[in-house]
1. Which residues, taken from the stretch 155-168, are modelled with pLDDT of 95 or more and farther than 12 Å from residue 205 by Cβ?
2. Can you name the condition, by its number, that residue 253 falls short on among (1) part of a loop (DSSP other than H, G, I, E, B); (2) away from the ligand (no atom under 16 Å from the Cβ); (3) in contact with a helix residue (DSSP H, G or I) (Cβ under 8 Å, 6 or more places away or on another chain)?
3. For the stretch 608-672, list the strands (runs of 3 or more DSSP E) that sit wholly inside it and hold at least 2 residues that are more than 14 Å from residue 368 (Cα to Cα) and touching a strand residue (DSSP E or B) at 6+ places or on another chain (Cβ under 6 Å); which are they?
4. Being more than 16 Å from the ligand (Cβ to nearest atom), surrounded by fewer than 20 Cβ atoms within 10 Å (Cβ to Cβ), in contact (Cβ under 8 Å) with a residue 60 or more places away in the chain and in a loop (DSSP other than H, G, I, E, B): is that true of residue 266 here?
5. Taking interchain pairs and intrachain pairs at least six residues apart, which have beta carbon atoms under 9 angstrom, with the first residue in the stretch 124-141 and modelled with pLDDT under 95 and the second not in a helix (DSSP H, G or I)?
6. For the condition modelled with pLDDT of 95 or more, farther than 29 Å from residue 61 by Cβ and in a helix (DSSP H, G or I), what is the one hit in 329, 285, 342?
7. Among 429, 487, which is under 19 Å from residue 387 (Cα atoms) and surrounded by fewer than 19 Cβ atoms within 10 Å (Cβ to Cβ)?
Ligand code: 9MR
């Protein structure tokens, strides 16, 4: 975004220019590989922001074949039995964390996530608990168990199965008989979740069950009604675990519907104990695809590594055979996660060809969700230019702060859009990023370097790094990508400004895009290995008239396809900001119009509805909600969401003092 006072009016001639001006692309361009692929389950799942985990048995950790596969393939673990009540609190008040710690510490040392399994379950429950008949005693015992165990693992467990298998099989759709239900009533589930939230407010709290994968089953409906009720009444719940112990036929036909219906209640969904009799390749692929197709399906756990490790070993239901060799289902699973091209040639099923993006878009907008929060030393008028990733259960938003005094950056995080407005604003001028002109941030995780990058404009194209996105003071001082403005920009910038730097990588190269407020989109490149150094070969990637190709470009990889998407902000004939879009088959390729005109825009007030009230006519600088968070900037093909800046249509005056706010667009014409 342009840091200086800006034109408030548009000229009528722009429409005519729009009609005649075509985007051009330079001839250069080595074809880039069409996608980044990984060769292990965990690394491939991570590319879409998901994890791929396994149940782990402490007793097998001395087996080198077992740990070799565990550490190579999986980035999440669930203790198979070690955190169950009969291990942890075999006698009242005496806690044995040894076996659980063995798994937890090992996972922490390797950067693997940990799912906690399980706090309240009618099985593997010591008889001193199941024989309690007094409600107050049982309530105290249950809450104490939850509190002690969650306290012990605080900060180590990403998500807890707070209550496991509380619903009955068959057609009742009701809870099953258990000591908890029979002595405390069905309210024990709510009580367990409330205790869990107060014990560790940062862990995700899941309800976990089996036979809830088929949408029309009474048991599924019963659990769904409970989660809906919890969300409606504010009972804390963050996720639903679908165990997914399948027969050879694999998931039921409506599995994806079940996942998305639960997700639509505002919870994450996870496949928590996957195993499939005889491990058919298609059954595994279908299961994984269903998860990949649901944005809030955040991870998959298989219930063991080798067939010989399985609780149903007679059915050979896992991804590795008894010798630790990959089975055919391993390949189909990796492929369904979006992985390995080589795999496809071996005859595994080809991945779902992604729904292509439509050629026109319709959106519904939220109201203004994020407004400036001035404090004693930050007299801020507008919050602008957001960049956002969803990581570790939270949205992390970076944005420019604007005031008559100039620009700097702010960071906030929250788990749900409903909480965006109440999130704390961390001003980054108080960090090593420092005071002075910093604006238009872009955030992503570099998987090779295991570092978060924040790219922003300072007059040059600058960046800071941070090992922990949630720690605002962890950012390094700014460094520049270029020693000075590249010649080609100097020659074309005219009276414009060099703004809105944007980095995206494929498996070979990283590209740095920028705008000049003068109708040019520039692109430089370096290798993935050299990044962040070595940006060179700066070319004009696209050009048009000044207002038709103004600034705030985003470039993304479309998940599961060979498409890249380019968005550039334009100024319409009404003087209002809007976005145009193009696609290309490689990052250095030529961009073809998708929804690229003022009458068929990517996003403009004319294709956005405002159910909460029309608070803006500008759809301006923002960022797509991505499917992952890494340097590939992968977005889903379906149900797009875009966080943008808008402002009161009647506001005017000093450009830097305009009252920009952030709102969220959700696509309403997605066909997938
Ligand atoms: O895999 C677990 C096995 O080793 C235990 O003997 C069994 C005891 O009930 O629990 C198995 O894991 C279960 C999980 O904790 C909950 N869902 C069903 C799983 C398979 O029975």
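1. Hits for the stretch 155-168 are 164, 165, 166, 167, 168.
2. The failed condition is (3).
3. Numbers: elements: 620-624, 641-646, 661-667.
In the stretch 608-672, 620-624 are the strands (runs of 3 or more DSSP E) which contain 2 or more residues that are more than 14 Å from residue 368 (Cα to Cα) and touching a strand residue (DSSP E or B) at 6+ places or on another chain (Cβ under 6 Å).
4. Spelling it out, residue 266 is indeed more than 16 Å from the ligand (Cβ to nearest atom), surrounded by fewer than 20 Cβ atoms within 10 Å (Cβ to Cβ), in contact (Cβ under 8 Å) with a residue 60 or more places away in the chain and in a loop (DSSP other than H, G, I, E, B).
5. none
6. That would be 285, the only listed residue that is modelled with pLDDT of 95 or more, farther than 29 Å from residue 61 by Cβ and in a helix (DSSP H, G or I).
7. Just a single option satisfies the conditions, and that option is 429.
Conditions tested, residue by residue: (1) within 16 Å of the ligand (Cβ to nearest atom); (2) in contact with a strand residue (DSSP E or B) (Cβ under 8 Å, 6 or more places away or on another chain); (3) farther than 23 Å from residue 98 by Cβ.
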residue	(1), (2), (3)
132	no, no, yes
135	no, no, yes
158	no, yes, no
161	yes, yes, no
168	yes, yes, yes
172	no, no, yes
176	yes, yes, yes
182	no, no, yes
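The values are calculated or read from the model by the stated rules, or taken from the named source; none is laboratory data. Everything numeric here is computed off the predicted structure, so don't read it as measured data. Neighbour counts run over all protein chains shown; Cβ positions are idealised from the backbone, glycine included.
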